[in-house]
Every structure is written in C-alpha cells, then in structure tokens.
There are 2 protein chains.
Amino acid sequence: MTRGRPIAFSPDAATNAAMQVFWARGYESASTRDLLEAMNISRSSLYQAFGNKEQLFLETLRRYRGNLIGQLNRRLEASPSAMAFLEGLFGETAREAGSERAGLGCLIFNSASELGQRGDLAASEARRSVEAITGLFQEAVMRAQAEGDIAADRDSLALATYLTLGMAGLRTLLKSGADRAQVEAAAQLLLDTLR
Amino acid sequence: MTRGRPIAFSPDAATNAAMQVFWARGYESASTRDLLEAMNISRSSLYQAFGNKEQLFLETLRRYRGNLIGQLNRRLEASPSAMAFLEGLFGETAREAGSERAGLGCLIFNSASELGQRGDLAASEARRSVEAITGLFQEAVMRAQAEGDIAADRDSLALATYLTLGMAGLRTLLKSGADRAQVEAAAQLLLDTLR
DNA sequence: TGATTTATGGACTGATCGGTACTAAATTCC
DNA sequence: GGAATTTAGTACCGATCAGTCCATAAATCA
C-alpha cells in the first residue's frame, strides 16, 4: 500500500484544466496563479505533482497532441472515405469563423508560433506535435490515394505538409477574425488542390 | 523654433529597434528593459516619446505593415507578371526554411496569433494588418487575371484570402522547423491552385 | 497509539514587470 | 545672462512573476 496522505485532486482533471489555460493564454502569458485557480489545487501541489511550469506545459501539450491525433485517427477510420474526412475536417474548422472557439486556435499551432524559435524542450515538443499532424495527414492522403480520390503518383508527404500548412493558415485566419464566407471559400480552394 | 532641450535620438531608428524586439520576442514577452536596451534610450525618453508599451507596439506594427505593403507593392509593380511576383514571393519564403530568419516569422502573423482573441487596440491593429496583406494579394490576383494567368471568372477576394492563409501557414511551418524540401513542395502546391 | 510518510495551505523570496516622479542637463527666447 | 521649456537619467513604485519553505493534515504500518 502507498503510505502518507492521499492526493486530494485528480491529476488528470488538473492537467485538463491547465491545458485550457495554456490554450487560451499561451505559454508565457499563463501565470502560475491562473493555472492554480483553474486547476483548483494549491501551489505546493502543483510543484509536487508536476515539477514546474515548463513540465506542466509539456504534459498538457503531449496530452493535447494525444487527444487530437487519437480523435482524428478514429474519425478518419470511421469516415466512408479519407477525402470525406479531410473535407469534413477543413469544412468544420472553416465554419468556426467568427465563433468564440475560433479565437482559441489550436494549442499545437499556437505553441509552434509562440515557441518555435526557442531552443528548449517546449519548442521541440511543439515541433514534434506539428510533425504528428503531418503524419496523420499523410495517412489520410495515402488512404485517399488507395481509394482513388488522389492520384497515386503524387508525393503523399508533400501533400501532407501542404495540408498542415493549410490547417495552420486556417487557424491563423480564424484568429485574425476573418470573414466566414471568405474563410470557407479559401478552405475549399485548399482541398481542390488534392483532386 | 522649438524650445527646450533637443531630442538626442532618432525616433525613427528607435522605432526600428523596438520593431526588432517585438518581432523576435512577441508583444507580451518583450520587456520594457529589452526595448530600452535595443532602442538605446532612457526609460523616460521612451514614455515621453511613445506613451507606453502598447502605443510603441502599435507604432512598430503600423510601420512594419507600411514597410511590408509598400515593398511588396513596388515589387509587384516591377514584376513582369503578377504570377511571377507571387511565385517569387512564396518561393523565396519557402527557401528560408532552416535559416535563422525562418524562426522570426512575420510580425503581422506573429501578432495575429498572439493577440488575435484579445479585444484591445493591438488585436484590431493586427487584424487590420492581415487584411492589408489580403488586399495586396487581391491586387496581384486581379492583375494576374488581367494578364490571363488566372481565369477572369474566379473570385479574386477568395483567392486572395487563400493566399493569405497560405502565407500564414507557410510562416508557421517555417517556425516549426519544417524540412526545406517539403516546405518548397507545399508552397508549389499552393501556387498550382491559382492556375 | 505513535512513528513514518506523503500531500496541502499559504507565507515568503528575490527578481522582474510596466510605469511614475523628480532632478539635472541642454536648448531657445528675451 | 537669466527665464522658460523640453529631454535625459535614474531612483523608485506597487504589482506580479516563478519558485521555495515549513508547519500542519491525513494517511499507513507496527
């Protein structure tokens, strides 16, 4: 049996709460006070359980990545076609234009933009997360090629990088409050390239 | 004649120095000490000449936008064709991959990403700057249509929004340290859509 | 029950934040 | 040469930053 006073909070729920804070405010602007309040734990518990702010951030970013990639993978598998999956994903994202959700962006692209040029762990974790998105897109592209929706002789990695670029750009447009109709039209143009 | 002690620094040069700081570090992470050191002026001079940190940022962002749009306009005018201008612009940007310059990104897209969802002046100035980029792209698209490189019946604003999305995504890819060959291939795919 | 172990609450730390206040310096006008 | 005016230097302000420390609480084990 484990000895000592038992932990009084769910590390899982606390990590999720921290994720929301980093997502909405960014890494540097998220203060430890913001985090403590959202996680509803004491300062000593945070440092005891997570080490420090950077490690907590790494934990939340890895979880976000795991959640996102897992969810997208399931959705891809459940889709009638990989092309339908991509159309659904980009279409839905574009339709967020003007909503409160649009302002949040994606934690991965937010982090890549904020931390990209730093040489630390957080930066490389952001990089890996972007690569994970490209990896998922490549799977989708290859399946779309197998299904005959994309020509088999096209470079799947180049197309996947193009889709990552597209999603990152889409997220930036949404953050800058772009008009919904224009964003939807631009997303449509993005997907037309695949055909 | 103006009375009193004359200013001992060039507001122009100081603004440029501040721009570099905001560009490299972002708005929130750029401390007034960073700014003072780069601008090589005293604290009182900063507040006397620029008001406060936010106003200084607005000044630098407006200048960056003016410089960028002006330079791109001149380059567009000097280009043999609008399509060649776009190809040159996206090609050159993609070729930055891996360089130190790539980590900096673009002050406008950096600001849109960092400040997008805030409701203040800085956020709306970032928004206007993104719109200015779209405006420039629309001019290029319309000229390319007049020159027969883009079908005249296509929606120039939608294409321009698509190009803004593309440049924003390209900048994010560069920041995340993406492989140069892949970035170049993705940029090529972006431009293929126009034809 | 009492020794041991772990978690919690929160006071505290030194550093840094953006911004202000006040004095000294440098100029023009009379 | 003052008087007036503007800039420059810097000490200082309260607030906040990430992180530490320590007394206390809550559990297990003997």
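The values are calculated or read from the model by the stated rules, or taken from the named source; none is laboratory data. Not measured: the values here are computed from a predicted model. Virtual Cβ from ideal backbone geometry, glycine too; neighbours counted across all protein chains shown. Ligands, DNA and RNA are excluded from the accessible area calculation, which covers all protein heavy atoms including side chains. Shrake-Rupley method; radii C 1.70, N 1.55, O 1.52, S 1.80 Å.
Every residue, every condition in (1) over 18 Å from A:Asp179 (Cβ atoms); (2) touching a helix residue (DSSP H, G or I) at 6+ places or on another chain (Cβ under 9 Å), yes or no:
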| position | (1), (2) |
| --- | --- |
| B:Glu147 | yes, yes |
| B:Ala168 | no, yes |
| B:Leu174 | yes, yes |
| B:Asp192 | yes, no |
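Within region A:68-110, restricting attention to residues that are charged (D, E, K, R) and free of Cβ contacts under 8 Å to residues at least 12 places away in the same chain, which residue is surrounded by the fewest Cβ atoms within 10 Å (Cβ to Cβ)? Talk me through it step by step, then tell me what you get.
Initial filter on region A:68-110 (charged (D, E, K, R)): A:74-75, A:77, A:87, A:92, A:95-96, A:100-101.
Then drop every residue that is not free of Cβ contacts under 8 Å to residues at least 12 places away in the same chain, which leaves A:74, A:77, A:92, A:100-101.
Working: A:Arg74: 10, A:Glu77: 11, A:Glu92: 10, A:Glu100: 8, A:Arg101: 11.
Looking at residues that are charged (D, E, K, R) and free of Cβ contacts under 8 Å to residues at least 12 places away in the same chain, I get A:Glu100.
(1) surrounded by 14 or more Cβ atoms within 10 Å (Cβ to Cβ); (2) within 16 Å of DNA strand C (Cβ to nearest atom); (3) of a type outside the set (D, E, K, R); (4) over 19 Å from A:Glu114 (Cα atoms): which one isn't true of B:Ile7, the others all being true?
Among (1) surrounded by 14 or more Cβ atoms within 10 Å (Cβ to Cβ); (2) within 16 Å of DNA strand C (Cβ to nearest atom); (3) of a type outside the set (D, E, K, R); (4) over 19 Å from A:Glu114 (Cα atoms), B:Ile7 violates only (1).
Give me the pairs: first residue in region B:114-131 and closer than 17 Å to B:Met167 by Cα, second residue at pLDDT below 95 and open to solvent by 50 Å² or more (accessible area, probe 1.4 Å), beta-carbon distance under 7 Å, and six or more apart or on different chains, which are they?
Within 7 Å, no pair qualifies.
Taking interchain pairs and intrachain pairs at least six residues apart, which have beta carbon atoms under 7 angstrom, with the first residue in region A:1-30 and on the phi < 0 side of the Ramachandran plot and the second in a loop (DSSP other than H, G, I, E, B) and near DNA strand D (Cβ under 10 Å from one of its atoms)?
A:Val21/A:Ala30; A:Phe22/A:Ala30
Can you name every residue in region A:42-67 that is within 13 Å of DNA strand C (Cβ to nearest atom) and either in a helix (DSSP H, G or I) or buried (at least 18 other Cβ atoms within 10 Å of the Cβ) (or both)?
The answer is A:Arg43, A:Ser44, A:Ser45, A:Leu46, A:Tyr47, A:Gln48, A:Ala49, A:Phe50, A:Lys53.
Pick from A:Ala160, A:Ala122, A:Ala186: which is open to solvent by less than 10 Å² (accessible area, probe 1.4 Å), facing chain B (nearest Cβ under 8 Å) and either assigned to a helix (DSSP H, G or I) or in contact with a Pro (Cβ under 7 Å, 6 or more places away or on another chain) (or both)?
Exactly one of A:Ala160, A:Ala122, A:Ala186 is open to solvent by less than 10 Å² (accessible area, probe 1.4 Å), facing chain B (nearest Cβ under 8 Å) and either assigned to a helix (DSSP H, G or I) or in contact with a Pro (Cβ under 7 Å, 6 or more places away or on another chain) (or both), namely A:Ala186.
So if I check each of B:Arg195, B:Arg180, B:Arg154, which one is at pLDDT below 95 and among the charged types (D, E, K, R)?
Of B:Arg195, B:Arg180, B:Arg154, the one residue that is at pLDDT below 95 and among the charged types (D, E, K, R) is B:Arg195.
Is it the case, given these coordinates, that B:Leu61 is out of contact with any Pro (no Cβ under 7 Å at 6 or more places or on another chain) and within 13 Å of DNA strand D (Cβ to nearest atom)?
Criteria not met by B:Leu61.
Could you list all residues from region B:125-155 that are open to solvent by 20 Å² or more (accessible area, probe 1.4 Å), more than 9 Å from every other protein chain (Cβ to nearest Cβ) and in a helix (DSSP H, G or I)?
Result: B:Arg128, B:Ala132, B:Gly135, B:Gln138, B:Glu139, B:Met142, B:Arg143, B:Gln145, B:Ala146.
Looking at A:Leu121, A:Leu61 in this structure, which one is in contact with a Ser or Thr (Cβ under 8 Å, 6 or more places away or on another chain) and not polar (S, T, N, Q)?
A:Leu61
Take the residues of region B:22-41 that are part of a helix (DSSP H, G or I) and either open to solvent by less than 20 Å² (accessible area, probe 1.4 Å) or among the aromatic types (Phe, Trp, Tyr) (or both): which is nearest to the other protein chains (Cβ to nearest Cβ)?
Filtering region B:22-41 for residues that are part of a helix (DSSP H, G or I) and either open to solvent by less than 20 Å² (accessible area, probe 1.4 Å) or among the aromatic types (Phe, Trp, Tyr) (or both), the one nearest to the other protein chains (Cβ to nearest Cβ) comes out as B:Trp23.
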